[in-house]
Structure formats: C-alpha cells, structure tokens
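Would you mind keeping the following structure in view while I ask a few things?
The values are calculated or read from the model by the stated rules, or taken from the named source; none is laboratory data. Since the model is a prediction, treat every value here as computed from it, not as a measurement. Every residue, glycine as well, gets a Cβ built from its backbone with ideal geometry; the counts of neighbours run over all protein chains shown. All accessible areas refer to the heavy atoms of the entire protein, side chains included, with ligands and DNA or RNA removed. Shrake-Rupley method; radii C 1.70, N 1.55, O 1.52, S 1.80 Å.
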Amino acid sequence: MTRCRPPATESSSATANVALYQREAHSVSKLAHLRFFPLAVTGGKGATLRADDGRILIDFSASWGAASLGHSHPAIRSAVDAALADQAGASYLSSANLPAIELAEMLLALAPARAAGRVWLGHSGSDANETASRVIRAATGRPGILAFEGAYHGGTSGSMAFSGHPSQQEVRSPHLTLVPYPTASADSTLEVIDDAIKRKPGYFGAFFIEPIQSDGGVLVPPPGFFEAVQRRCRDNGILLVSDEVKVGLGRTGVLHAFQNFDIEPDVLVLGKGLGGGLPISAVIGPEWLMNHCAAFSFQTLHGNPVCAAAAGAVVRTIETEKLLHNASKVGGYLHRLLVDLAARQSAIADVRGIGLAIGIELTHRASDGLSARELTARVVYRAYQLGLVVYYVGISSNVVELTPPLTLSYEDAARGVSILERAISDVVGGVADEGEHGNFTGW
Ligand SMILES: Cc1ncc(COP(=O)(O)O)c(C=O)c1O
C-alpha cells in the first residue's frame, strides 16, 4: 500500500482530531467504544455531521440507525423542548405521565393485532430484548429460546444470552438454541428447527428473529422462510418475536419490517430509531404477557417523559413527512446506484437490503493481498477521510452497512455513493492514505 498526499477535503482532519481524541482518552472509558476512524462530532443537521475540524460529512449510518429523522430535526426539538418546559417527572415507575401514555397508545394503534395489548418502555434495544425474553420465560414457563447464528440482540448479559453474533460467544444461555441463518435455501435451516422442536417438545417459549439480520451482515432471508418459521411457532405454542430495533419503524419503506413478509409476530421490539437519537425502546405484546406481574423489569428512568415525547414526535413525523415513501424511493435509488457501482467495481461482491437498510459486501478478489475484512476496514476509514460516515458489520466484518436517516435526500444519497466509490477505488488501487487506520480495530 503506497501513501499519497491527502486530498484537500481531509487536510486538517488528522491533526485536528488528535486533541479531542487525546482528551477523550484521558477521561472516557473505552469499554463502549466501537471505533473505525477518529471522528469527533461537534454538531449535525439532517443527514450530515460536522466534525471538530469544521468538515461536513454525509452520515450514512445515523449512529447505527438511531438518528432516524436525521440530526436536529425540528419536530424532535420542539417535542423535547415542550416536555422539558413543564417536566412530568422523569420516570413512569411510580407515576404515570402523558408523553409515555400517548406513545404507548400510538404504538398500540400501529401494532399487529396479535401484539396490540400493552407497551413496555425501556432505554435501549438491549434492555427491551432482555425484558421480552425474561417475561416470555416467566409467563410461559418455557425456558428455551430459538434464535439465529449471527443475530445481535443486544449488549446486556440478558440480551447477549440469546444472541448469536460472534462477538458475544462467552455469555450465551444454556437454554439458547441457535440455528443457521438461511442464505440460498431455507430447507436445511427448517430441518434444524424442526429437529430442535421435536427433541424438546414444550421447551421453547420464543423464537427471536430480525427481519433483516443487520449486524450479522445485512442478510435478507429467502422468500417464504419467515412464513415457514411462523407456521412452526404457531403449531408448537412458540411466540414469534420480531426484533425491529435496527430495521423497524419505517427503515424498510413499510412501518414494521415484518410487513415485508407474510407474517405477524406475537411480540414486537423497537429501539434505536424510535427515539430519533434519544434513548428509548419498546416491547409491544399481548396483555397476558405484558402484564405478567408488576415490578418485573424496571430501571429508574424508564418511561422518561422527555424521551417518550421525542419518540412520539418520531412516530408522528414518519406519517406527516411521508417517510415510508421516502425510505422506499430514496432507498431504491441508493440501491440502484450501488448495483451500478458493483458492475464497475469488482471489490463489491453483493448489494442487498430493503429500503434504507442496505449492505455492501466486499470481497478480497480485487485487492492485492488484502483480506475482505482488511479491505472493508480500510474502505470505511478512507470514506471518512473523504467525507462519508459508514461502518461495517457481518460475521466476517466485510459488509459496509448503510442505515441513513429516513429523511435522506436523493442529492445526499448520490454524494455519499460517489465518495464511497472513490474510497473503494483508492483502497483497491493502493493510493489511499492509511492515516491512523491501524489504530482502529472495529469489530
Ligand atoms: C437488531 C438489534 N437488536 C438489538 C440491538 C441492541 O440495541 P442497543 O445497542 O440500542 O441496545 C441492536 C444493536 O445493534 C440490533 O441491531
């Protein structure tokens, strides 16, 4: 890999970020860091972020899908402002509050019939999935959980316990059965599921699915697969839980990601984009389950009215700004640009996803001596240098993931793809400035 003079757009970034990074290193723990490049953000608007050197970067990640309306959206700002101007406490543990109730009512009105009973509010996808799994075990008396290899359901012990992502191996529950995620054909996975259920009748209480397996590599199942999984769940009294934390609430061009298939989950889990950047999550399920007992799963700030008000604004704005339509149209446009790029750039092995949940799988074939993992890490680093924020996922760490704001414009979509194109060709051509790339291990 040769070094080249950095292009004009990146001139001051490396040095300007050093100060913030050094300062951070002396104060902030690394335990939660999942870093790919030395980005330090001082602000943002729409689908862009402002770095501390003044550069404006296009944000194709939206903080892993959390900033669902983009940055500084006026609807969230005014909802948060109003909730803080006359703050109805800080929690729903020991008192009711209007923003939390209104949010629950809205979510129930939009929920699938089987799940439209009661809503639990939490802080994160992790605590929501953990709560769903705990209450299902407690209410059904069935300890077993089925989930997919490669699935990421959270970063708390209780959610890691039934995740299948390689980064979480050591804490899995003995009651977890992981089945392979189907790629080309569903048949072999269905056989594994049938076999597991037959060997332990009455043991499994829940089957957790991600409608698109995001952190596992943005995998979309073959047609008919989830329908076949649902039939098995119904036949055996197993609750189907749709973990829509990353790809739900409009990202795929429909409100709920399960609606891309002919299924209806018993339990729906939302997070990330629900708060539009504020911490809030939800479990939506039947009343018999969600009212299993009081004081079962709570943290002090659950049901926080400020976060609930932000989430209410997100749900309303998806409707008023027709963001399902935008995700579908701009997502389709983005997808087509990337498929065209793949035809020109042999480092791209596959482009997949639905709406604004897109994965770009890279392969080592085009690059001299670089593994697919190393190539991908260098591409996202180079993209950052050139002005685009994207990260990678996948059990082999070789899938660039796009989860931009649902408000993404055609112009920003096109600008982002042209930066990505240059980033890939610079890395493949051996002319990318490696910068501090070696310091960033990603995952
Ligand atoms: C499908 C899915 N579920 C749950 C989670 C956990 O969400 P959080 O990190 O907000 O707790 C994630 C995070 O990436 C996710 O992708």
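Quick check on Pro223: is it out of contact with any strand residue (DSSP E or B) (no Cβ under 8 Å at 6 or more places or on another chain), assigned by TED's automatic domain parsing to the domain that holds Asn129 and not in a helix (DSSP H, G or I)?
The answer is yes for Pro223.
Anything in the stretch 238-281 that is without any contact (Cβ under 8 Å) to a residue 40 or more places away in the chain and more than 13 Å from the ligand (Cβ to nearest atom)? List them, or say none.
Leu240, Gln259, Asp262, Ile263 - these are the residues of the stretch 238-281 that are without any contact (Cβ under 8 Å) to a residue 40 or more places away in the chain and more than 13 Å from the ligand (Cβ to nearest atom).
Then there is this: Being under 21 Å from the mean Cα position of the chain (by Cα), at pLDDT 95 or above and open to solvent by 30 Å² or more (accessible area, probe 1.4 Å) is true for just one of Ser68, Ser72, Ser61. Which residue is that?
Ser72
Let me ask another. Could you tell me whether the stretch 367-383 includes any residue that is among the β-branched types (Val, Ile, Thr) and without any contact (Cβ under 8 Å) to a residue 40 or more places away in the chain? Don't jump to the end; show me each part of the working.
Taking the stretch 367-383 as the starting set, the residues that turn out to be among the β-branched types (Val, Ile, Thr) are 376, 379-380.
In the following step, the residues that additionally are without any contact (Cβ under 8 Å) to a residue 40 or more places away in the chain were identified as 376.
Among the residues of the stretch 367-383, at least one is among the β-branched types (Val, Ile, Thr) and without any contact (Cβ under 8 Å) to a residue 40 or more places away in the chain, which makes the answer yes.
Here's another thing I want to ask about it. Return the only residue of Val283, Val269 being aliphatic (A, V, I, L, M), in a strand (DSSP E or B), over 21 Å from Leu324 (Cβ atoms) and open to solvent by less than 20 Å² (accessible area, probe 1.4 Å).
Numbers: Val269 fails: over 21 Å from Leu324 (Cβ atoms).
Exactly one of Val283, Val269 is aliphatic (A, V, I, L, M), in a strand (DSSP E or B), over 21 Å from Leu324 (Cβ atoms) and open to solvent by less than 20 Å² (accessible area, probe 1.4 Å), namely Val283.
Okay, next question. Out of the residues in the stretch 210-237 meeting the condition of being of a type in the set (Val, Ile, Thr) and open to solvent by less than 30 Å² (accessible area, probe 1.4 Å), tell me which one is nearest to the ligand (Cβ to nearest atom).
If we filter the stretch 210-237 for residues that are of a type in the set (Val, Ile, Thr), which is where we start, we get 212, 218, 220, 229.
After this cut, where a residue has to be open to solvent by less than 30 Å² (accessible area, probe 1.4 Å) as well, the list is 212, 218, 229.
On the way: Ile212: 9, Val218: 11, Val229: 16 Å.
This residue is Ile212.
Has the stretch 286-305 got at least one residue that is outside any loop (DSSP other than H, G, I, E, B), more than 16 Å from the ligand (Cβ to nearest atom), surrounded by fewer than 19 Cβ atoms within 10 Å (Cβ to Cβ) and not assigned by TED's automatic domain parsing to the domain that holds Ser328?
yes
List pairs: first in the stretch 333-355 and among the polar types (S, T, N, Q), second open to solvent by 20 Å² or more (accessible area, probe 1.4 Å), Cβ under 7 Å, 6+ apart or cross-chain?
Within 7 Å, the pairs are Gln345/Glu421; Gln345/Ser425; Ser346/Arg365; Ser346/Ala366.
Same structure, new question: Only residues that are within 15 Å of the ligand (Cβ to nearest atom), open to solvent by 60 Å² or more (accessible area, probe 1.4 Å) and in a loop (DSSP other than H, G, I, E, B): list them for the stretch 150-204, please.
Tyr152
Please tell me if Tyr384 is open to solvent by 40 Å² or more (accessible area, probe 1.4 Å) and either within 16 Å of the ligand (Cβ to nearest atom) or in contact with a Phe, Trp or Tyr (Cβ under 7 Å, 6 or more places away or on another chain) (or both).
So Tyr384 fails the test.
Among the listed residues His335, His364, His325, identify the single one that is touching a strand residue (DSSP E or B) at 6+ places or on another chain (Cβ under 9 Å), surrounded by fewer than 23 Cβ atoms within 10 Å (Cβ to Cβ) and not polar (S, T, N, Q).
His335
Continuing with the same structure: Between residues in the stretch 165-190 that are in contact (Cβ under 8 Å) with a residue 40 or more places away in the chain and residues that are exposed (fewer than 12 other Cβ atoms within 10 Å of the Cβ), which pairs lie under 6 Å by C-beta distance while being six or more apart or on different chains?
none
Which condition number in (1) part of a helix (DSSP H, G or I); (2) in contact (Cβ under 8 Å) with a residue 12 or more places away in the chain is the one that Glu105 fails?
Status for Glu105: all satisfied but (2).
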